[in-house]
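J.: Submitted below is the structure of interest, expressed as structure tokens.
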Amino acid sequence: GQQLNQSPQSMFIQEGEDVSMNCTSSSIFNTWLWYKQDPGEGPVLLIALYKAGELTSNGRLTAQFGITRKDSFLNISASIPSDVGIYFCAGQLGNEKLTFGTGTRLTIIP
Amino acid sequence: GAVVSQHPSWVICKSGTSVKIECRSLDFQATTMFWYRQFPKQSLMLMATSNEGSKATYEQGVEKDKFLINHASLTLSTLTVTSAHPEDSSFYICSVLGSTDTQYFGPGTRLTVL
């Protein structure tokens, strides 16, 4: 099936640094979602975006729905150890199935 | 959001046997649930959409006779992997379509076929 391009594929940062990742698609979506997955767990919803241009925050996380409806980014400020995991973007058109990104693996260097 | 559970959390079985995985929506009556499969270091791939009271819709390349889905109630969907083989070993995750058309995921089931 189709997957969205997510970059970077992996990140190695120090605690306290800010993180930025993005997701691009060749087709438009009405909804963009960002999930975090810890090892051996299911994805947990972080932020949902429903409108082009929308900028939404959830604590230290901020995500934006691109104007073209073909991209989205996620920023994490002042990273902490529990931010480690894999971050997935997902696009949705109406109430149809989700199309997932390839994932960004975040590692924090002590 | 919706709270979703899966059972079992992990299972090991012999090749050729069948395994049933349950997905429960604990606080939401879910008309629609989804089943995904995730191989190591890969993203989630949708296997099928499960609709309460009707037949599941399978994605291209997913064998409906091998992966049997039953969504008999608004709180329970089951995935049965029939005649499992080692290549079926994977992480199986279900999700529930919530009231805002947002998907909420279960904790996953790790299947290992020997």
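The values are calculated or read from the model by the stated rules, or taken from the named source; none is laboratory data. These numbers come from a predicted model, not from an experiment. Virtual Cβ from ideal backbone geometry, glycine too; neighbours counted across all protein chains shown.
J.: Could you list all residues from the stretch B:10-42 that are surrounded by fewer than 22 Cβ atoms within 10 Å (Cβ to Cβ) and hydroxyl-bearing (Ser, Thr, Tyr)?
T.: Selection gives B:Ser15, B:Thr17, B:Ser18, B:Thr31, B:Thr32.
J.: Could you check, for the stretch A:59-68, whether at least one of its residues is farther than 23 Å from B:Ser9 by Cβ, more than 13 Å from chain B (Cβ to nearest Cβ) and among the charged types (D, E, K, R)?
T.: Yes, the stretch A:59-68 has at least one match.
J.: In addition: Take A:Lys36 and tell me if it is closer than 27 Å to B:Thr109 by Cβ and more than 10 Å from chain B (Cβ to nearest Cβ).
T.: The answer is yes for A:Lys36.
J.: While we're on this one: Taking the stretch A:1-39, which residues are outside any strand (DSSP E or B) and touching a Gly at 6+ places or on another chain (Cβ under 7 Å)?
T.: Hits for the stretch A:1-39 are A:Gln3, A:Ser25, A:Phe29, A:Asn30, A:Asp38.
J.: Return a yes/no flag: does the stretch B:98-109 have any residue that is over 21 Å from A:Leu45 (Cβ atoms) and outside any strand (DSSP E or B).
T.: Within the stretch B:98-109 (the criterion being over 21 Å from A:Leu45 (Cβ atoms) and outside any strand (DSSP E or B)), the answer is no, since none of the residues qualifies.
J.: Sticking with this one: Please count how many residues of the stretch A:24-66 are hydrophobic (A, V, I, L, M, F, W, C) and in contact with a Phe, Trp or Tyr (Cβ under 7 Å, 6 or more places away or on another chain).
T.: Final tally of qualifying residues: 10.
J.: For the condition in contact with a helix residue (DSSP H, G or I) (Cβ under 8 Å, 6 or more places away or on another chain), surrounded by 19 or more Cβ atoms within 10 Å (Cβ to Cβ) and not basic (Lys, Arg), what is the one hit in A:Leu98, A:Leu33, A:Leu106?
T.: A:Leu106
J.: Right, another one. Could you check how many residues of the stretch B:53-86 are free of Cβ contacts under 8 Å to residues at least 24 places away in the same chain and away from every other protein chain (no Cβ under 13 Å)?
T.: Of the residues in that region, 11 qualify.
J.: Can you tell me how many residues in the stretch A:75-106 are under 27 Å from B:Asn51 (Cα atoms), outside any strand (DSSP E or B) and among the hydrophobic types (A, V, I, L, M, F, W, C)?
T.: Total satisfying the criteria: 2.
J.: Right, something else. Please specify each residue of the stretch B:1-37 satisfying the condition of being at pLDDT below 95, within 12 Å of chain A (Cβ to nearest Cβ) and assigned to a loop (DSSP other than H, G, I, E, B).
T.: B:Gly1, B:Ala2, B:Val3, B:Thr31
J.: Looking at A:Ala78 and the list (1) touching a Gly at 6+ places or on another chain (Cβ under 7 Å); (2) within 14 Å of another protein chain (Cβ to nearest Cβ), which single condition is not satisfied?
T.: (2) is the only condition that A:Ala78 fails.
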